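Inspection log for the structure reproduced underneath, given as structure tokens.
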Amino acid sequence: MTAANRNLTLLVLAALALLPAAAWAHDISQANRAFVEAIDGPAFLPFFYLGAKHMVTGIDHVLYLIGVVFFLYRLKDVVLYVSMFTIGHSLTLMGGVLLGTGANSHIVDAIIGISVAYKAFENMGGFRKFGLSFDPRIAVLAFGLAHGLGLATKLMDLAVSPDGLLVNLIGFNLGVEAGQVIVLAVVVTLLNLWRHSASFGKAAFAANVALMTAGLVLAGYQFTGYFAS
């Protein structure tokens with residue numbers, strides 16, 4: 001790794017290290033929790049807002065999306081991969097809440113952290129160096145299931161009224177999709193601008209090293225929380 005790449009990696013990691021613990025945990029705020037738990041009946045717009053906010057402010061989801069689109073240059077490829085991710089997380093989000101199928105939030109969030117590290121390692125050609133080949137579309141779909149289960153677990157931790165649950169769940173899911181579109185619009189635009197600069201080819205590897213490290217830190221944070229609880 002060149003000195004420039006090493007400096008970029010250290011800069012990104014330093015920025016991530018300064019994030020508060022709440023950002024890594026990605027829990028629903030107490031204010032939003034109290035508001036949601038006071039709702040009795042259909043409330044599409046509040047749940048839509050909550051879903052969008054959860055996606056936009058969720059560093060784990062954002063980091064994974066950055067990894068997914070990092071080397072996607074064509075819009076149709078972005079749409080394909082994001083669609084696979086959307087199908088995955090929609091299935092487990094809707095199904096998990098409606099069927100009451102939850103999981104330990106620390107374990108699920110640790111898997112989400114691993115998904116970030118996995119994608120970054122794949123972007124660096126790490127699997128090819130070991131002679132391994134996995135269909136990236138299937139991997140995105142599979143990790144989408146994990147991300148959706150994480151969203152479902154967050155919702156199930158709330159005392160959400162069963163009255164109007166389906167409407168509210170649809171609102172939350174559509175809010176997640178809206179937040180995802182916002183995140184992708186920003187990420188893809190910035191990546192396209194960066195790709196036209198001379199620094200992209202030199203710094204892309206370092207950026208993915210930082211991304212992988214962030215995923216491992218996120219996973220480690222959640223595993224620590226699991227064993228400490």
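Could we say that Thr189 is among the hydroxyl-bearing types (Ser, Thr, Tyr), farther than 20 Å from Ser105 by Cβ and in a helix (DSSP H, G or I) here? In short, yes. One residue stands out in segment 91-132 among those that are among the polar types (S, T, N, Q), over 25 Å from Val209 (Cβ atoms) and touching a Gly at 6+ places or on another chain (Cβ under 8 Å): the one that is surrounded by the most Cβ atoms within 10 Å (Cβ to Cβ), namely Thr92. Would you confirm, using the coordinates I've provided, whether Asp163 is among the acidic types (Asp, Glu), touching an Asp or Glu at 6+ places or on another chain (Cβ under 9 Å) and surrounded by fewer than 17 Cβ atoms within 10 Å (Cβ to Cβ)? It is true that Asp163 is among the acidic types (Asp, Glu), touching an Asp or Glu at 6+ places or on another chain (Cβ under 9 Å) and surrounded by fewer than 17 Cβ atoms within 10 Å (Cβ to Cβ).
Going by the conditions given, is Ile182 within 14 Å of the chain's Cα centre (by Cα), modelled with pLDDT of 95 or more, surrounded by fewer than 18 Cβ atoms within 10 Å (Cβ to Cβ) and part of a helix (DSSP H, G or I)? Yes: the conditions hold for Ile182.
Those helices (runs of 4 or more DSSP H) of segment 71-148 in which at least 2 residues are in contact with a helix residue (DSSP H, G or I) (Cβ under 6 Å, 6 or more places away or on another chain), considering only elements entirely within it, cover 75-99, 105-123. Could we say that Ala38 is modelled with pLDDT under 75, surrounded by fewer than 15 Cβ atoms within 10 Å (Cβ to Cβ) and more than 28 Å from Phe205 (Cα to Cα) here? No, not satisfied.
Scanning segment 203-218 for residues that are exposed (fewer than 14 other Cβ atoms within 10 Å of the Cβ) and out of contact with any helix residue (DSSP H, G or I) (no Cβ under 6 Å at 6 or more places or on another chain) turns up nothing.
The values are calculated or read from the model by the stated rules, or taken from the named source; none is laboratory data. Not measured: the values here are computed from a predicted model. So basically every Cβ, Gly included, is an ideal-geometry build from the backbone, and we count neighbours across all protein chains shown.
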